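Before any comments, here is the structure.
The values are calculated or read from the model by the stated rules, or taken from the named source; none is laboratory data. Fair warning: this is a prediction, and the values are worked out from it, not measured in the lab. Backbone-built Cβ (ideal geometry, glycine too); neighbour counts: all protein chains shown. Areas reflect the complete protein model, heavy atoms only, side chains present, ligands, DNA and RNA absent. Shrake-Rupley method; radii C 1.70, N 1.55, O 1.52, S 1.80 Å.
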There are 2 protein chains.
Amino acid sequence: MIDIYSVLFNKIIAGEYPANIRLKEEVLSAEFNISRTPVRAVLQQLEQDGLVQISPNKGAKVLPFSADEIEEIYEIRKSLELLCLEISAPILSMQKLLELKREMITNLNKEDVKIHADLDAKLHDYLINSTGKKRLIQMLNQLFRLIQKFRSLGFMQKDTKESATKEHIEIIDAISMRNTVLAKELMRKHIDNSKMIALGQLYKF
Amino acid sequence: MIDIYSVLFNKIIAGEYPANIRLKEEVLSAEFNISRTPVRAVLQQLEQDGLVQISPNKGAKVLPFSADEIEEIYEIRKSLELLCLEISAPILSMQKLLELKREMITNLNKEDVKIHADLDAKLHDYLINSTGKKRLIQMLNQLFRLIQKFRSLGFMQKDTKESATKEHIEIIDAISMRNTVLAKELMRKHIDNSKMIALGQLYKF
DNA sequence: TAATGTATAATTGTATACAAATAAATTTCA
DNA sequence: TGAAATTTATTTGTATACAATTATACATTA
């Protein structure tokens with residue numbers, strides 16, 4: 001059941017369904033060889049992701065997932081992640097920050113896309129999870145799932161790998177100096193840059 | 001089905017269930033005289049509200065809804081509503097703003113709690129909906145549902161009615177002057193004040 | 001007795017059957 | 001013909017039955 005969820009999730013993100021097309025329970029049941037009951041549960045999950053809209057007695061239709069959507073998600077992400085930074089920056093351990101910085105420097109010029117995508121996730125996840133705010137963490141994770149494809153694709157270009165990691169280092173430095181205002185300003189720019197890179201990847205779908 | 005959702009929703013918000021208590025499908029079915037199928041759907045909704053946690057094969061348990069939760073929700077709300085303001089402030093119509101201001105002034109000294117609660121909702125909803133950002137709107141509406149009880153209770157005290165409405169007027173004025181920075185600063189303080197008032201109402205449960 | 005294993009009960013997960021609502025096709029009548 | 005009414009088909013909503021999993025109670029053994 002978790003499986004058919006992620007299959008549908010990825011298909012919608014990838015734009016494999018025409019916008020506003022109706023997802024009929026029976027059709028999906030047949031397609032995945034399961035009954036309608038778990039299909040309905042999956043459709044409800046997708047509705048909460050904002051990927052489909054369910055109307056009473058009319059079923060689920062696929063919502064458009066366009067550049068506007070990605071733009072909006074990045075703006076929301078920025079607001080929430082800046083809130084995270086405000087909360088976590090003053091309490092992060094110097095040791096962990098230095099460790100992260102060392103890792104960033106070590107891998108600055110590496111080619112492997114996965115290394116950079118993982119490092120990116122590691123820093124952001126650390127800042128977010130350190131807040132200990134369960135709702136905030138859950139909301140950001142949900143947003144990340146929606147844009148994860150675009151995030152990793154962004155690291156395909158060599159210069160974005162390097163510039164993103166440099167921005168990470170600057171952010172870590174600002175936090176280490178306990179300069180939260182500067183850290184937030186750098187993070188704001190960093191997420192704006194990420195947004196532009198993500199939008200640049202859109203044509204690939 | 002929508003009915004049993006709101007009943008359970010309100011019971012959890014009101015703290016009528018001990019934290020971590022398990023909500024068994026069969027028990028709820030019997031209680032509401034419906035089958036387990038719609039009960040399961042409702043529990044999934046409540047999970048998305050962050051009010052229960054569902055674990056595979058273990059069912060749903062009620063999550064604690066404490067002062068910490070309310071504090072966190074207000075902080076998230078503040079971040080997202082400031083984003084809304086940034087987007088909508090430059091494009092709001094002078095006419096509608098003046099109309100709202102007039103309404104605020106007219107009702108400034110009214111006793112009726114409902115009048116003030118409605119005015120509060122009217123302004124905030126206006127600023128939020130004018131952004132046209134569907135996800136942002138949906139997220140804020142979900143947060144509002146969680147704190148609505150505390151919002152209205154806050155207007156029971158006479159001085160909060162008046163001060164909140166005065167803050168609304170100041171915010172409208174700043175927007176009218178197209179001074180978004182000032183509007184955001186005033187909104188930040190306004191939501192912080194609302195948070196304190198909401199937290200002050202907590203003991204009533 | 002305490003720990004482990006086994007049987008039983010309770011609970012969740014899924015499939016299927018039927019009811020209710022909606023959409024599509026057909027008929028009726030001006 | 002064409003609009004309204006009626007019937008039929010399709011689809012979603014709910015109830016129920018059964019399967020799979022987890023929790024509990026009991027028995028066994030060291």
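Take the residues in region B:23-49 that are within 10 Å of DNA strand D (Cβ to nearest atom) and among the polar types (S, T, N, Q), then tell me which one is surrounded by the most Cβ atoms within 10 Å (Cβ to Cβ).
Here the answer is B:Ser29.
State which residue pairs qualify: first residue more than 11 Å from every other protein chain (Cβ to nearest Cβ) and inside region B:23-50, second residue of a type in the set (A, V, I, L, M) and in a loop (DSSP other than H, G, I, E, B) in any location, beta carbons under 8 Å apart, and separation of 6 or more residues or different chains.
B:Ile34/B:Met1
Take region B:94-111 and flag every residue that is outside any helix (DSSP H, G or I) and open to solvent by 60 Å² or more (accessible area, probe 1.4 Å).
In the first step, residues of region B:94-111 are kept if they are outside any helix (DSSP H, G or I); the result is B:108-111.
If the condition is that a residue be outside any helix (DSSP H, G or I) and open to solvent by 60 Å² or more (accessible area, probe 1.4 Å), then B:Asn109, B:Lys110, B:Glu111 are the ones that fit.
Mind listing whichever residues of region B:176-205 are in contact with a Phe, Trp or Tyr (Cβ under 8 Å, 6 or more places away or on another chain) and part of a loop (DSSP other than H, G, I, E, B)?
Passing the criteria: only B:Gln201.
Kindly evaluate B:Gln201 against the criterion of being open to solvent by 30 Å² or more (accessible area, probe 1.4 Å) and under 25 Å from B:Ile13 (Cα atoms).
When the stated conditions are applied, B:Gln201 does not pass them.
Somewhere in region A:27-42, is a residue more than 14 Å from DNA strand C (Cβ to nearest atom) and polar (S, T, N, Q)?
No: region A:27-42 contains no residue that is more than 14 Å from DNA strand C (Cβ to nearest atom) and polar (S, T, N, Q).
Mind listing just one residue for me: the one in region B:118-175 that is of a type in the set (Gly, Ala, Ser) and not in a helix (DSSP H, G or I) and, of those, nearest to A:Gly50 (Cα to Cα)?
Start the filter on region B:118-175 by keeping residues that are of a type in the set (Gly, Ala, Ser), which leaves B:121, B:130, B:132, B:152, B:154, B:163-164, B:174.
Imposing the further condition that a residue be not in a helix (DSSP H, G or I) reduces the set to B:130, B:132.
Details: B:Ser130: 19, B:Gly132: 15 Å.
My answer is B:Gly132.
Filter region B:62-93 for residues that are open to solvent by 60 Å² or more (accessible area, probe 1.4 Å) and either without any contact (Cβ under 8 Å) to a residue 40 or more places away in the chain or over 23 Å from the mean Cα position of the chain (by Cα) (or both) and give the result.
Matches in region B:62-93: B:Asp68, B:Pro90, B:Ile91.
Those residues that are within 14 Å of chain A (Cβ to nearest Cβ), within 12 Å of the chain's Cα centre (by Cα) and open to solvent by 40 Å² or more (accessible area, probe 1.4 Å), I need them from region B:125-180; list them, please.
The answer is B:Gln138, B:Asn141, B:Arg145.
State all residues of region B:57-92 that are within 16 Å of DNA strand C (Cβ to nearest atom) and more than 9 Å from chain A (Cβ to nearest Cβ); if no residue qualifies, say none. Break it down into steps so the answer makes sense when it comes.
Just the residues of region B:57-92 that are within 16 Å of DNA strand C (Cβ to nearest atom), to begin with: B:57-63.
Listed by number, the residues that qualify are B:Asn57, B:Lys58, B:Gly59, B:Ala60, B:Lys61, B:Val62.
Here is a yes/no grid of residues against (1) more than 30 Å from A:Ala41 (Cβ to Cβ); (2) of a type outside the set (A, V, I, L, M):
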residue: B:Val62; (1), (2): no, no
residue: B:Arg77; (1), (2): no, yes
residue: B:Ser88; (1), (2): yes, yes
residue: B:Leu97; (1), (2): yes, no
residue: B:Lys101; (1), (2): yes, yes
residue: B:Asn109; (1), (2): yes, yes
residue: B:Ile115; (1), (2): yes, no
